[in-house]
Number of protein chains: 2
Amino acid sequence: MDLELVRQLAIPSSSKIVMLVSDGLGGLARESDGRSELEAAVIPNLDALAGRSLCGVIDMVGPGITPGSGPGHLALFGYDPYVYRIGRGVLEAFGIDLELRPGDVASRGNFCTLDAEGKVTDRRAGRISTDTCRRLCLRLGQIKLDGVELIVRPVMEHRLSVVFRGVGLSGDLSDSDPLVTGQAPLQVVPLRPEAASTATAANRFLEEARKVLEQATPANMVLLRGFATAPSLPPFPEVYRLRAVAITCYPMYRGLAKLVGMDVLPLSANLDDELRALSAVYDKYDFFYVHFKGTDRAGEDGDFDGKVAALEELDKRIPAVLALRPDVFIVTGDHSTPAVLGAHSWHPVPLLLLSRWGRSDRARRFTERDCAAGPLGRMPAVELMPLAMANALKFKKYGA
Amino acid sequence: MDLELVRQLAIPSSSKIVMLVSDGLGGLARESDGRSELEAAVIPNLDALAGRSLCGVIDMVGPGITPGSGPGHLALFGYDPYVYRIGRGVLEAFGIDLELRPGDVASRGNFCTLDAEGKVTDRRAGRISTDTCRRLCLRLGQIKLDGVELIVRPVMEHRLSVVFRGVGLSGDLSDSDPLVTGQAPLQVVPLRPEAASTATAANRFLEEARKVLEQATPANMVLLRGFATAPSLPPFPEVYRLRAVAITCYPMYRGLAKLVGMDVLPLSANLDDELRALSAVYDKYDFFYVHFKGTDRAGEDGDFDGKVAALEELDKRIPAVLALRPDVFIVTGDHSTPAVLGAHSWHPVPLLLLSRWGRSDRARRFTERDCAAGPLGRMPAVELMPLAMANALKFKKYGA
């Protein structure tokens with residue numbers, strides 16, 4: 001759906017939408033008993049909620065496509081993830097709460113070790129401490145580039161974020177990281193003509209970095225990859241006419257929410273803390289994006305039981321959200337992370353949408369299988385926001 | 001689906017498609033017993049039909065989008081309602097059976113009362129009688145505009161339809177209706193450069209109207225809004241290679257059918273009259289659009305029992321259609337109008353498609369829930385015509 005059309009149909013109102021995103025929610029059956037994480041979990045609150053909600057499963061990007069967190073979240077917020085792209089460098093910057101402006105070019109860096117011939121001997125510089133990384137980043141941050149502002153920030157151990165800010169920059173650049181040892185760092189090459197000046201700035205930075213780090217051991221150079229331009233998106237609050245706020249424990253999700261123009265609360269410590277924050281600001285906003293990381297973390301670790309435990313932890317907090325009586329309450333994920341795969345996957349993500357105006361469902365449990373048989377069937381994630389807006393009675397009629 | 005592709009695949013044949021559109025068909029459960037209008041109704045014929053038909057639910061425009069009658073019908077006829085748009089002024093003209101040509105600019109007018117300072121004191125001129133409206137329209141119709149033909153027709157009470165016909169006109173115009181009292185009528189402003197000459201014609205008409213109506217009490221002025229260009233659509237009979245006819249009791253639906261190039265029968269008095277007309281012309285056409293208004297009327301009135309009664313009335317006529325033995329028989333709606341909302345809504349619309357070549361269904365009843373669980377699942381309404389064509393064996397193979 002066209003965001004311009006959304007803008008035409010949206011009407012501000014006092015109704016409230018809570019979107020609870022359980023990261024990596026969708027799972028897969030384990031071999032022992034053929035049950036998925038959701039099927040194995042004891043989640044009476046979610047099951048009861050599913051029974052009176054609209055259920056379905058959502059394709060985050062497209063059938064067969066495994067989304068990163070960026071595309072997954074953009075789709076949930078109603079932005080076509082094929083149209084709006086968030087590169088790796090931008091996501092890395094978000095991960096350390098680095099505020100980007102549209103047009104900034106961000107890259108992922110890592111400190112490395114070069115030998116006397118200038119060839120990479122260790123792409124991670126022996127995994128230097130984060131303290132050392134921080135100290136070296138301060139020195140790199142002193143480098144001056146003509147007409148381009150430089151932001152250098154430590155991430156963790158040997159990893160750093162390098163951002164170029166200026167007019168007319170482009171992230172269409174090749175990596176300087178050769179990705180193997182025994183080779184010299186590469187020149188950064190523009191992948192499109194309009195990226196030529198940014199390539200010059202990046203190469204200039206790398207030359208200067210070489211000088212600055214010459215005496216540093218073992219981190220005597222830095223490699224850059226994943227250059228990406230921070231995209232400019234139609235602001236969520238304007239498109240949907242919503243006062244929107246993000247509540248999360250992780251910087252990366254704050255960054256994604258900021259990128260679409262949501263207000264973001266300071267980082268929470270855990271889910272309980274998030275729900276306290278939700279309650280505290282409930283009167284000030286109409287749309288609440290609440291992020292729960294536990295399910296994805298366990299899924300990524302291949303920890304089936306851990307993911308089951310995370311789901312049960314989530315389930316216990318459902319009554320606290322329901323007590324706020326949101327007009328629309330959505331529980332879903334930004335992608336699947338089946339523990340048996342130990343990674344993000346392409347599987348559609350279970351969805352429930354509670355609304356007074358939804359046609360009730362027969363689903364008895366909040367599982368992949370029951371949701372797939374729900375009245376929403378299988379739908380593109382990008383259509384979720386229009387559906388939420390309709391159920392919150394925040395959309396005008398289309399056409400006469 | 002691309003209409004050009006439809007045109008390439010369509011082959012004329014003697015098989016017959018009957019599309020029975022029960023306006024506002026889809027509903028929502030009432031609180032007392034959790035049943036929707038279809039679930040509460042005694043509709044044995046529709047239920048039996050559902051049991052041997054392909055069932056599903058259709059999104060008329062898109063998930064979450066509440067369609068007007070225009071977009072809803074265009075989608076049923078296979079025209080993408082995002083591509084082809086029918087403005088309010090055009091629909092108003094259709095409502096009084098005013099025949100428009102592609103390129104005509106139609107607007108909704110209402111007679112109003114101005115005070116001595118020229119400010120609107122009553123936007124409806126005390127709801128003058130339709131007779132007075134008719135008399136004043138005749139006088140307004142005498143106004144001459146340079147190079148633009150003017151058509152002024154009464155609608156009802158204070159409402160009228162004003163159509164500008166000429167070369168290069170555009171409906172991208174602002175309203176002259178200030179929508180509130182205490183203000184003077186507004187100048188009509190072009191919203192795009194190409195609408196400048198149409199704005200001039202509209203303002204000229206309004207100046208002349210002021211003079212013509214000066215002595216009329218209380219209707220001493222007219223306000224215009226909802227300017228829209230009558231769109232030009234690829235003709236339905238050519239695209240689908242169907243001899244198509246519309247049978248309805250309401251002018252607006254005749255207008256929509258004429259716009260897509262269907263033949264239209266004179267207005268019927270009621271559903272029985274429509275079915276007699278269907279039977280009478282059955283040999284002359286291959287496609288029959290039959291419109292039943294009762295369900296929407298009761299839904300709009302918030303009259304749950306009235307909608308149930310309308311569904312039961314419809315159900316009794318199903319055998320009369322089946323007696324004709326159409327090759328494809330479709331029962332669906334142009335949008336939902338749940339009585340509990342008392343308005344059009346975004347909810348998907350139940351659909352059944354009877355065909356000798358359909359995979360039989362498990363649905364036992366013709367309800368929102370049973371249809372949602374049907375083999376067609378949830379699909380865009382714009383895909384219904386291709387499905388009907390296929391089931392009528394009127395489509396060639398695509399590709400070799």
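Summary table
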quantity: B:Met252 being touching a Leu at 6+ places or on another chain (Cβ under 7 Å), outside the structural domain of B:Lys293 (by TED's automatic domain parsing) and buried (at least 16 other Cβ atoms within 10 Å of the Cβ); calculated: no
quantity: A:Gly51, sole failed condition from (1) at pLDDT 95 or above; (2) farther than 22 Å from A:Met252 by Cβ; calculated: (1)
quantity: Matching residues in region B:166-200 - criterion: being touching a helix residue (DSSP H, G or I) at 6+ places or on another chain (Cβ under 6 Å) and touching a residue at least 60 places away in the same chain (Cβ under 8 Å); calculated: B:Leu169, B:Ser170, B:Leu173
quantity: Tally of residues being free of Cβ contacts under 8 Å to residues at least 40 places away in the same chain and touching a Ser or Thr at 6+ places or on another chain (Cβ under 7 Å) across region B:15-33; calculated: 0
quantity: Evaluation of B:Met1 against (1) within 14 Å of another protein chain (Cβ to nearest Cβ); (2) at pLDDT below 95; (3) over 24 Å from B:Leu271 (Cα atoms); (4) in contact with a helix residue (DSSP H, G or I) (Cβ under 9 Å, 6 or more places away or on another chain) (one fails), failing number; calculated: (1)
quantity: From A:Glu37, A:Glu117, A:Glu99, residue being at pLDDT 95 or above, over 29 Å from A:Thr217 (Cα atoms) and either of a type in the set (Asp, Glu) or not assigned by TED's automatic domain parsing to the domain that holds A:Leu256 (or both); calculated: A:Glu37
quantity: Any hit, region B:19-31, residues being more than 26 Å from B:Val308 (Cα to Cα) and either at pLDDT below 95 or under 22 Å from the mean Cα position of the chain (by Cα) (or both); calculated: no
quantity: Single residue of region B:24-79 satisfying the filter (under 13 Å from A:Tyr398 (Cα atoms) and in a loop (DSSP other than H, G, I, E, B)) that is farthest from the other protein chains (Cβ to nearest Cβ); calculated: B:Met60
quantity: Residue that is surrounded by the most Cβ atoms within 10 Å (Cβ to Cβ) [pool: residues in region A:367-383 that are more than 8 Å from chain B (Cβ to nearest Cβ) and out of contact with any strand residue (DSSP E or B) (no Cβ under 6 Å at 6 or more places or on another chain)]; calculated: A:Thr367
quantity: Restricting region B:204-218 to residues that are in contact with a Lys or Arg (Cβ under 9 Å, 6 or more places away or on another chain) and in a loop (DSSP other than H, G, I, E, B), the residue that is farthest from B:Arg139 (Cα to Cα); calculated: B:Ala216
quantity: Residue in region B:341-385 that is farthest from B:Leu5 (Cα to Cα), counting only those that are of a type in the set (Ser, Thr, Tyr) and not in a strand (DSSP E or B); calculated: B:Thr367
quantity: Matching residues, region A:160-183, being surrounded by fewer than 19 Cβ atoms within 10 Å (Cβ to Cβ) and in a strand (DSSP E or B); calculated: A:Arg165
quantity: Qualifying residue in region A:312-330 (condition: in contact with a Gly (Cβ under 6 Å, 6 or more places away or on another chain) and part of a strand (DSSP E or B)); calculated: no
quantity: Residue match in region B:237-245 (condition: in contact (Cβ under 8 Å) with a residue 40 or more places away in the chain, under 21 Å from B:Ser15 (Cβ atoms) and assigned to a strand (DSSP E or B)); calculated: yes
quantity: Evaluation of B:Cys133 against (1) crowded, with 22+ Cβ neighbours inside 10 Å; (2) under 22 Å from B:Gly171 (Cα atoms) (one fails), failing number; calculated: (2)
quantity: The listed residue being within 21 Å of B:Ser279 (Cα to Cα) and modelled with pLDDT of 95 or more, out of B:Thr332, B:Thr337; calculated: B:Thr332
quantity: Candidate set: region A:331-340, residues that are surrounded by 23 or more Cβ atoms within 10 Å (Cβ to Cβ) and in a loop (DSSP other than H, G, I, E, B); chosen: the one farthest from the other protein chains (Cβ to nearest Cβ); calculated: A:Ala339
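The values are calculated or read from the model by the stated rules, or taken from the named source; none is laboratory data. Since this is a predicted model, take the numbers as computed values, not measurements. Neighbour counts run over all protein chains shown; Cβ positions are idealised from the backbone, glycine included.
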